[in-house]
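Q: One structure follows; several queries about it will come next.
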Amino acid sequence: MFRFVSEKAVSALLTLFGASIIAFVILRAVPTNPARLIAGPFATDDVIAKIEASMGLDKPLPQQYLDYVVNFFKGDWGFSYSAGQPVLDQIAARLPASAELALYAFLFAFIGAVLVTVLVAFSRSRLLDQILRGFAFAFVGVPPFWIALVFLMIFFERLGWFPGPVGRGSPPTEIITGFYTIDYLLEGNIGGFLNALHTLALPAFALALGPMGYLIRLLRANLLDTGNEPFVTVLHSKGVAPLGIQFGHILPNAFLPTLTAGGLILAQLLGGSVLVERIFSWPGVGSLVIDGILRQDYAVVQAFIMLSAIIYIAVNLLVDVLYGVVDPRVRRS
């Protein structure tokens, strides 16, 4: 087990090293000098040279990279000159909004995929199965930002069932966790909780449909494969009830890969809702990154790439280790 965890940890560190290289290169690859962007078009060469020295851009590239990595893990994620504050403070203020949106999108995707797939698979209806496959294929192939635009046109403009791109709505009286739905519940405001959930629903569903389609296809394939295993035939021969076989044996064995994929999808949602946040004016990290790109504030983009990589790698490592704990065959392989 120690060897298995060590191999996964080394793989995670190598992946993080690659992500740090990409984040580091972004600022250096832009055609415009970052110091010139900060100083303005009429700044003298002496002023630009001083800014470059303050940013460490006058050092050799290996030293710049080492300083960047060390400073990042010390909590110095750079300074946003367009906003006039450290990047870490900006991301810390926006991260709860992105995390809440990603969490609800994940819950919608995971719970919906499991319920729909299990009901259709165990109903043994070929028509329902074909409909499910068609919807899953469509969900996987359509980009989330397009789904978000369609949702706004249908459910906001035409039907008026959900609010439009209004952000997160009114905040709770006291911000405790940063999650509006949870903070409303903590202060006992059920009406505020329902309003926050209502505002959250449309962007969360727009983000959830793609992962839901993937999970449906994965769980359906696993249910079919597990249903053809020899142990299922043995259970039938022993007279075990069909529902007992389906829910007590087939589903648990088919569910483990879906649970693994769910962890990776959650990590992806935490860092991948950039355009959907922008469409719904959601005040999360995604909107901050787009503003940073438009303002050529690449320190924000750098920090976002590193943070997304760390979240994805950490969740991936955790899922791999848990998978190895649950299934000894993974450790042996």
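Q: I'm checking my understanding of the structure. Among residues of the range 242-268 that are open to solvent by less than 20 Å² (accessible area, probe 1.4 Å) and among the small types (G, A, S), which one is farthest from L307 (Cα to Cα)?
A: Checked the range 242-268; the qualifying residue farthest from L307 (Cα to Cα) is A254.
Q: Which one of the conditions (1) touching a helix residue (DSSP H, G or I) at 6+ places or on another chain (Cβ under 8 Å); (2) in a helix (DSSP H, G or I) does G164 fail to meet, given that it meets all the rest?
A: The one condition G164 does not meet is (2).
Q: For the range 76-94, how many residues are modelled with pLDDT of 85 or more and surrounded by fewer than 17 Cβ atoms within 10 Å (Cβ to Cβ)?
A: Taking the range 76-94 as the starting set, the residues that turn out to be modelled with pLDDT of 85 or more are 86-94.
The next check asks that each one be surrounded by fewer than 17 Cβ atoms within 10 Å (Cβ to Cβ); those that pass are 89, 92-93.
Residues that pass the stated criteria total 3.
Q: Identify, by number, the condition in (1) modelled with pLDDT under 80; (2) within 20 Å of L88 (Cα to Cα) that I22 doesn't meet.
A: Against the list (1) modelled with pLDDT under 80; (2) within 20 Å of L88 (Cα to Cα), I22 comes up short only on (1).
Q: If you don't mind, there's one more thing I want to ask. Any residue in the range 248-259 that's basic (K, R): show its pairings with residues that are open to solvent by 30 Å² or more (accessible area, probe 1.4 Å) at Cβ separation under 6 Å, as long as the two are six or more apart or on different chains.
A: Pairs that qualify, where the first residue is basic (K, R) and the partner is open to solvent by 30 Å² or more (accessible area, probe 1.4 Å): there are none.
Q: While we're on this one: What is the residue count in the range 205-222 for residues that are open to solvent by less than 60 Å² (accessible area, probe 1.4 Å) and out of contact with any Ser or Thr (no Cβ under 7 Å at 6 or more places or on another chain)?
A: Start the filter on the range 205-222 by keeping residues that are open to solvent by less than 60 Å² (accessible area, probe 1.4 Å), which leaves 206-213, 215-216, 218-222.
Pick out the ones that are also out of contact with any Ser or Thr (no Cβ under 7 Å at 6 or more places or on another chain) and you get 206, 208-213, 221.
Summing the residues that are open to solvent by less than 60 Å² (accessible area, probe 1.4 Å) and out of contact with any Ser or Thr (no Cβ under 7 Å at 6 or more places or on another chain) in the range 205-222 gives 8.
Q: What number of residues within the range 161-189 are among the charged types (D, E, K, R), under 14 Å from L101 (Cβ atoms) and either modelled with pLDDT of 85 or more or surrounded by fewer than 14 Cβ atoms within 10 Å (Cβ to Cβ) (or both)? Step through it out loud before you land on a result.
A: So the first thing to find is which residues in the range 161-189 are among the charged types (D, E, K, R), and the list is 168, 174, 183, 187.
Those left that are additionally under 14 Å from L101 (Cβ atoms): 168.
This time we only want the ones that are either modelled with pLDDT of 85 or more or surrounded by fewer than 14 Cβ atoms within 10 Å (Cβ to Cβ) (or both), so: none.
Looking only at that region, the number is 0.
Q: Now for a different question. Can L103 be described as surrounded by 17 or more Cβ atoms within 10 Å (Cβ to Cβ) and either outside any helix (DSSP H, G or I) or not aromatic (F, W, Y) (or both)?
A: Details: surrounded by 17 or more Cβ atoms within 10 Å (Cβ to Cβ): yes; either outside any helix (DSSP H, G or I) or not aromatic (F, W, Y) (or both): yes.
Yes.
Q: For the range 108-125, enumerate the residues that are open to solvent by 40 Å² or more (accessible area, probe 1.4 Å) and over 17 Å from Q246 (Cβ atoms).
A: F108, I111
Results for (1) at pLDDT 85 or above; (2) over 22 Å from D67 (Cβ atoms); (3) touching a strand residue (DSSP E or B) at 6+ places or on another chain (Cβ under 6 Å); (4) among the aliphatic types (A, V, I, L, M), shown as yes or no for each residue.
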| residue | (1), (2), (3), (4) |
| --- | --- |
| G263 | no, yes, no, no |
| A267 | no, yes, no, yes |
| G272 | no, yes, no, no |
| V276 | yes, yes, no, yes |
| S287 | no, yes, no, no |
| D297 | no, no, yes, no |
| Q302 | no, no, no, no |
| S308 | no, no, no, no |
| Y312 | no, yes, no, no |
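Q: Out of A113, A121, report the one residue that is more than 19 Å from G263 (Cα to Cα) and either among the hydrophobic types (A, V, I, L, M, F, W, C) or more than 19 Å from the chain's Cα centre (by Cα) (or both).
A: On the way: A113 fails: more than 19 Å from G263 (Cα to Cα).
Answer to the check: A121.
Q: Could you list, ordered by first residue, the pairs with Cβ atoms under 7 Å in which the first is in the range 307-333 and on the phi < 0 side of the Ramachandran plot and assigned to a helix (DSSP H, G or I) and the second is modelled with pLDDT of 70 or more and of a type in the set (V, I, T), at least 6 apart or interchain?
A: L307/I91; I313/T15; V319/T260; Y323/T260
Q: Under the condition of being more than 21 Å from G84 (Cβ to Cβ) and of a type in the set (V, I, T), which residue from the range 269-315 is surrounded by the most Cβ atoms within 10 Å (Cβ to Cβ)?
A: V276
Q: Which residue pairs have Cβ atoms closer than 9 Å, lie 6 or more positions apart in sequence or on different chains, and pair a first residue in the range 42-62 that is within 14 Å of Y81 (Cβ to Cβ) with a second residue that is among the charged types (D, E, K, R)?
A: A43/R36; I48/R36; I51/R36; E52/D58; L57/R28
Q: Among (1) on the phi < 0 side of the Ramachandran plot; (2) open to solvent by 40 Å² or more (accessible area, probe 1.4 Å); (3) over 22 Å from the mean Cα position of the chain (by Cα), which single condition is F139 missing?
A: (3)
The values are calculated or read from the model by the stated rules, or taken from the named source; none is laboratory data. Please read all numbers here as calculations on a predicted model, not as lab measurements. Note that each Cβ is placed from the backbone with ideal geometry, even for glycine, and that neighbours are counted across all protein chains shown. Remember, those area values only see protein heavy atoms, side chains included, never the ligands or the DNA or RNA. Shrake-Rupley method; radii C 1.70, N 1.55, O 1.52, S 1.80 Å.
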